[in-house]
Amino acid sequence: MKQQALTLLMLAASASPLLAQETRQWSLDDCISYALEKNIQLQQDKISLQEAEVDVKTAKAALFPTLSLGTSHTLVNRPYQKQSSTVSGTEIITSNDKNTYNGNYNLSVQWTLWNGGRRLNTIKTQQTNRDIARLAVDQTGNTLQEEIARLFIQLLYADESLRINRHTLEVSQATCERGRQLYEAGSLSKVDLAQLEAQASSDAYQVVSAESALRNYRLQLKQLLELGPDDDFEPALPVLDDAKVMALLPDQADVYAAALAARPEIQSSRLSIENARLAISTAKAGYLPTISLSASSSSMTNSASTSSWAQQMKYGWNNMIGISLSLPLYDGRAAKSSVQKARLAYSSRLYTLESRQKELYATIESLWLDALNAQQQFAAAEAQLKSSQASFDLTNEQFGLGVKNTVELLTEKNNLLNAQQQRVQAKYMALLDRTLLNFYAGNPIEL
């Protein structure tokens with residue numbers, strides 16, 4: 001029994017590394033989730049958001065007075081002076097000591113009571129900057145999702161294209177083998193056989209090219225996910241239903257309206273306009289006075305005093321409170337220039353918003369038209385593929401009977417391959433554009 005248990009443990013231990021070495025299958029959702037969690041640029045944007053949160057707290061704290069406690073200690077040496085007199089608090093101290101120690105203690109308060117609303121505007125500005133930083137995180141996340149969706153669908157296209165090329169190669173090899181049989185039977189010339197062999201070699205090269213394209217897209221997606229060289233990456237490529245290609249497209253106007261309300265780049269531009277308005281108010285505050293309040297309590301001690309330290313602190317203590325008014329009379333045009341520049345910046349932000357809205361509309365319009373064209377091309381390619389497949393099957397059968405020659409057979413085969421490639425290209429173009437349209441409308445990316 002012990003030997004059997006030991007054998008089972010050894011088998012389990014030897015099987016566990018094999019299980020650990022299984023390559024993870026990455027779906028589209030897995031890629032997006034991983035990128036949103038690990039992407040470096042996105043993490044940097046989140047740090048910028050945290051910095052903006054700190055700036056908001058700092059701006060709010062500026063509403064309150066500042067309190068500081070200070071103390072200084074001085075040792076004075078008079079090597080050639082026989083007697084010194086020092087005023088300390090309320091007494092005059094006379095001393096024959098050459099070394100005298102002085103201590104000063106001060107508690108002060110500074111508070112800006114009013115400065116034209118600058119502090120409130122600063123708080124609002126920093127809060128808006130925080131919201132813009134949050135939108136920057138969302139915008140980076142959106143860009144990541146769009147890039148991942150593009151590469152993933154390109155992977156699907158490359159994978160299906162590879163399957164088409166492999167099937168074409170199998171047909172070419174079978175035709176070539178049939179040609180050898182006809183050549184040995186004397187029904188096919190050596191030139192025709194050479195053409196069939198050359199076509200098979202060409203199709204083999206196309207398979208190699210398709211495999212290279214598939215590996216390249218896989219590498220691009222892995223690099224976009226910022227996976228390391230030791231990280232295994234094998235995308236899980238689903239077989240998509242052709243019915244999804246012809247699914248009804250969302251209304252273009254509805255997509256644009258939803259995008260205007262939700263896209264972070266548009267919201268960020270609107271917040272920038274709000275910041276520009278606040279900047280104008282802050283600049284105008286340069287014409288207004290500033291009122292400040294200050295207060296302090298202080299005392300001092302002297303080592304030459306006959307009083308104790310506590311008595312010196314008590315009788316030497318003094319309090320002060322004051323209020324100040326600062327009214328700008330002439331500032332070298334600083335306030336006026338600030339107001340003018342703030343107004344120009346506001347106008348510029350308005351144009352930026354208008355430009356981004358137009359860019360958004362152009363993007364959505366292009367996606368919608370491309371998706372519609374791809375759907376129409378897919379429908380036409382479907383019909384062309386059926387016709388080409390039937391024509392090739394008939395020509396291939398007649399070639400086996402010696403009715404059709406090699407040129408006619410190869411022509412029909414190439415027509416079939418072109419129809420297959422056109423169909424698969426239109427298929428994935430339609431899927432990509434429809435997926436991005438739905439994403440701009442505020443829906444999650446899904447195939």
**Message:** Given the options Ile123, Tyr287, Leu401, identify the residue whose Cα lies farthest towards the positive end of the charge dipole of the chain (+1 on Cβ of Lys, Arg; -1 on Cβ of Asp, Glu).
**Reply:** Tyr287
**Complete:** Taking the alpha-carbon centre of each part, the distance from region 110-137 to region 351-373 in Å is 34 Å
**Asked** If you line up the Cα atoms of region 240-392 on their principal axes, what length do they span on each, largest first, in Å?
**Response** 121, 42, 23
**Request:** Have a look at Leu372, Thr143, Ser272 and report the one farthest towards the positive end of the charge dipole of the chain, computed about the Cα centre with Cβ charges (Lys/Arg +1, Asp/Glu -1).
**Result:** Ser272
**Complete:** Nearest 10, in degrees from 0 to 90: the angle of helix 264-284 to the longest Cα principal axis of the chain is 20 degrees
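Please give the charge dipole size of region 343-447, origin at the Cα centre, charges +1 on K and R Cβ atoms and -1 on D and E Cβ atoms. Round to the nearest 20 debye. List each step's numbers first, then the result.
Values: 10 positive and 11 negative charges, 90 e Å.
Value, rounded to 20: 440 debye.
For region 319-447, report the translational diffusion coefficient in µm²/s to the nearest whole number, using Stokes-Einstein at 25 °C, 0.890 mPa s, and a Kirkwood Rh over Cα pairs.
On the way: Rh = 21.0 Å.
Approximately 117 µm²/s, per Stokes-Einstein.
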**Asked** By how many degrees, 0 to 90 and rounded to 10, does the Cα axis of helix 252-262 deviate from the longest principal axis of the chain?
**Response** 30 degrees
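So what's the chain giving for Rg/Rh, alpha carbon basis, Kirkwood Rh from the mean inverse pair distance?
On the way: Rg = 40.4 Å, Rh = 30.9 Å.
Rounded to two decimals, Rg/Rh equals 1.31.
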**Request:** Once you have all Cα-Cα distances for region 119-263, histogram them in 10 Å bins from zero and send the whole-percent values.
**Result:** 9, 20, 21, 19, 14, 8, 5, 2, 1, 0
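Placing unit charges on C-beta atoms (Lys and Arg positive, Asp and Glu negative, everything else neutral), compute the dipole magnitude of region 268-416 about its Cα centre in debye, rounded to 20. Write down the numbers at each step before the final one.
Values: 14 positive and 11 negative charges, 296 e Å.
Here region 268-416 has a charge dipole of around 1420 debye.
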**Asked** So for region 305-354, taking the charge dipole from beta-carbon charges (+1 Lys/Arg, -1 Asp/Glu), which of Ile321, Ser347, Ala335 sits furthest toward the positive end?
**Response** Ser347
**Complete:** The size of the Cβ-based charge dipole (Lys, Arg +1; Asp, Glu -1) of the chain about the Cα centre, to the nearest 20 debye, is 3140 debye
**Prompt:** Going by alpha carbons, how many degrees (0 to 90, nearest 10) lie between the helix axis of 28-38 and the longest principal axis of the chain?
**Reply:** 20 degrees
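Laboratory data are not the source of any read-out in this text; all were calculated from the coordinates shown. What you see is a predicted model; the values in this text were computed from it and never measured. Glycine also receives a Cβ, built like all others from the backbone with ideal geometry; neighbour counts cover every protein chain displayed.
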